[in-house]
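Participant: One structure, as structure tokens, below. Some questions next.
The values are calculated or read from the model by the stated rules, or taken from the named source; none is laboratory data. This one's a predicted model, so the numbers in the text were calculated from it and none came from an experiment. Glycine also receives a Cβ, built like all others from the backbone with ideal geometry; neighbour counts cover every protein chain displayed.
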Amino acid sequence: MIRLNLLPNNLRRRVEPGWWRLLALLFALVVLGVLGLVHYTAYTELSLAKAERDQLQAEVEALRPFIAELGRLQEERKALEALLAIREGLEKNAVPWSQYLAAFINQIPRAGGRLEVALRSVSARALSEEEAARLAQEGTYDGKRVRVEFALQGEALSREALVRFIRAFETSPRFGIEFQGASLDEGRGLYTFSARVGVTGGESGAR
């Protein structure tokens, strides 16, 4: 059987070669393959990111009690440091009055085992660091940096006894004296005097 196409050339259906169809099919398959690969890669990376996020969250949850304990320990450390600072401040400013008073009394010269000077009044006060520095700079107490100051009034049996009293505090490396004045009580034959004695830091004084 013979098939004849009697239509004009411009109306006849053109038959495309078969390899164009094959090429179009291959191109579609390549595009689908690339899209599938991109989708698979993106899905895999997203899954890995979610898994890593879940793992990090689990680790954070596991470490949360330790983090809370660390925070509590740090707060306790700060509180202890504050208490230690307060204690150090108190120890620094504490004045061992009995030791200073004993050193002062032991520095008073004696003749034949008895005191030649009688103290009628004694008052003591602790000096601040600023005041001690100022007095030392001004040359008070021979420039010694004293910590405690005794203000006293007393009576000496004789002029020589008064001189020995003053010299005992002048020549000691731990003491300084600011002699304020003396007068002779002719009725009793005693010298009344007033002075200020400064004591440097330390627990024991040298005679």
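Participant: Taking SER172, is it within 12 Å of ILE108 (Cβ to Cβ), polar (S, T, N, Q) and either at pLDDT 90 or above or surrounded by fewer than 18 Cβ atoms within 10 Å (Cβ to Cβ) (or both)?
Facilitator: yes
Participant: Same structure again: Please name all residue pairs, on different chains or six or more residues apart, with Cβ atoms under 9 Å, provided the first residue is in the stretch 138-152 and is among the polar types (S, T, N, Q) and the second residue is not in a helix (DSSP H, G or I).
Facilitator: From residues that are among the polar types (S, T, N, Q), the pairs are THR140/VAL146; THR140/GLY176; THR140/GLU178; THR140/ARG196; THR140/GLY198.
Participant: Among the acidic types (Asp, Glu), outside the structural domain of ILE177 (by the TED database) and outside any strand (DSSP E or B): does that describe ASP54?
Facilitator: Yes: the conditions hold for ASP54.
Participant: Only one residue in GLU149, GLU129, GLU160 is under 15 Å from GLY201 (Cβ atoms) and surrounded by fewer than 13 Cβ atoms within 10 Å (Cβ to Cβ), so which one is that?
Facilitator: On the way: GLU149 fails: surrounded by fewer than 13 Cβ atoms within 10 Å (Cβ to Cβ); GLU160 fails: under 15 Å from GLY201 (Cβ atoms).
Of the residues listed, the single one that is under 15 Å from GLY201 (Cβ atoms) and surrounded by fewer than 13 Cβ atoms within 10 Å (Cβ to Cβ) is GLU129.
Participant: Considering the stretch 104-126 alone, what residues qualify as being in contact (Cβ under 8 Å) with a residue 24 or more places away in the chain and of a type in the set (A, V, I, L, M)?
Facilitator: Of everything in the stretch 104-126, those that are in contact (Cβ under 8 Å) with a residue 24 or more places away in the chain and of a type in the set (A, V, I, L, M) turn out to be ILE108, ALA111, VAL117, ALA118, LEU119, VAL122, ALA124, ALA126.
Participant: Take the conditions among the aliphatic types (A, V, I, L, M) and outside the structural domain of ARG196 (by the TED database) and apply them to VAL117. Does it pass?
Facilitator: no
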